[in-house]
Amino acid sequence: MPSQTEVTVRYAETDCMGVVHHAVYPIWFEIARTDYIKAAGMSYADMERGGVMLPVTGISCRYRLPAKYDDVLTITAKITRFTPARIEFSYTVTKKGEDDILAEGTSSHGFVDAKTFRPLNLKKAMPELFAKMEQQAAIDAE
């Protein structure tokens with residue numbers, strides 16, 4: 001099931017037009033992704049301590065409607081692609097309690113060894129986490 005993370009727009013996140021600066025959305029995506037992984041049963045910190053890192057290999061964002069200071073937003077994250085070596089998340093940003101999409105995006109990641117930064121197979125490195133995320137990916141695809 002996709003995870004939902006709430007954020008309240010801070011004044012420092014807005015530009016001179018009074019709307020959220022475009023560079024803030026990837027930060028919110030990271031917050032939502034971190035919450036998603038935690039809900040799957042492991043934190044990013046636990047993954048790194050276990051020797052696995054998840055660097056970003058690509059990111060996209062499409063801006064539809066402005067978010068403004070003090071808006072309470074919901075960032076929904078879900079897995080859209082998942083293999084033993086790679087994962088892709090998609091995100092939607094809405095105002096809390098509303099359906100209009102303010103922004104949507106994706107981030108792609110590769111699983112790498114924390115010491116060498118070489119690609120690794122998550123299924124072999126962390127089979128329990130792989131199984132949980134594979135299950136989540138199947139639920140997200142429904």
Quiz item: Is it true that some residue in the range 47-60 is in a helix (DSSP H, G or I), surrounded by 15 or more Cβ atoms within 10 Å (Cβ to Cβ) and under 16 Å from the mean Cα position of the chain (by Cα)?
Solution: yes
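Residue by residue, here is whether (1) farther than 18 Å from A137 by Cα; (2) polar (S, T, N, Q) holds:
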site: P26; (1), (2): yes, no
site: T34; (1), (2): no, yes
site: G41; (1), (2): no, no
site: A45; (1), (2): yes, no
site: T57; (1), (2): yes, yes
site: E88; (1), (2): no, no
site: K123; (1), (2): no, no
Practice problem: List every residue pair whose Cβ atoms sit under 6 Å apart, with the two residues 6 or more apart in sequence or on different chains, where the first one lies in the range 102-129 and is surrounded by 13 or more Cβ atoms within 10 Å (Cβ to Cβ) and basic (K, R) and the second, anywhere, is assigned to a loop (DSSP other than H, G, I, E, B) and modelled with pLDDT of 95 or more. | Solution: K123/P84
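Filter the range 64-75 down to the residues that are part of a strand (DSSP E or B) and surrounded by fewer than 19 Cβ atoms within 10 Å (Cβ to Cβ) and list them by number.
Scanning the range 64-75 gives K68, V72, T74.
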Quiz item: So, of the residues in the range 20-39 that are over 10 Å from the mean Cα position of the chain (by Cα) and crowded, with 18+ Cβ neighbours inside 10 Å, which turns out to be farthest from A131 (Cα to Cα)?
Solution: V20
Quiz item: Does at least one position in the range 76-84 carry a residue that is farther than 15 Å from E30 by Cα, under 20 Å from the mean Cα position of the chain (by Cα), without any contact (Cβ under 8 Å) to a residue 24 or more places away in the chain and not in a strand (DSSP E or B)?
Solution: yes
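The values are calculated or read from the model by the stated rules, or taken from the named source; none is laboratory data. Keep in mind that this is a model prediction, so the values were computed, not measured. Cβ atoms come from the backbone with ideal geometry, glycine included; neighbour counts cover every protein chain shown.
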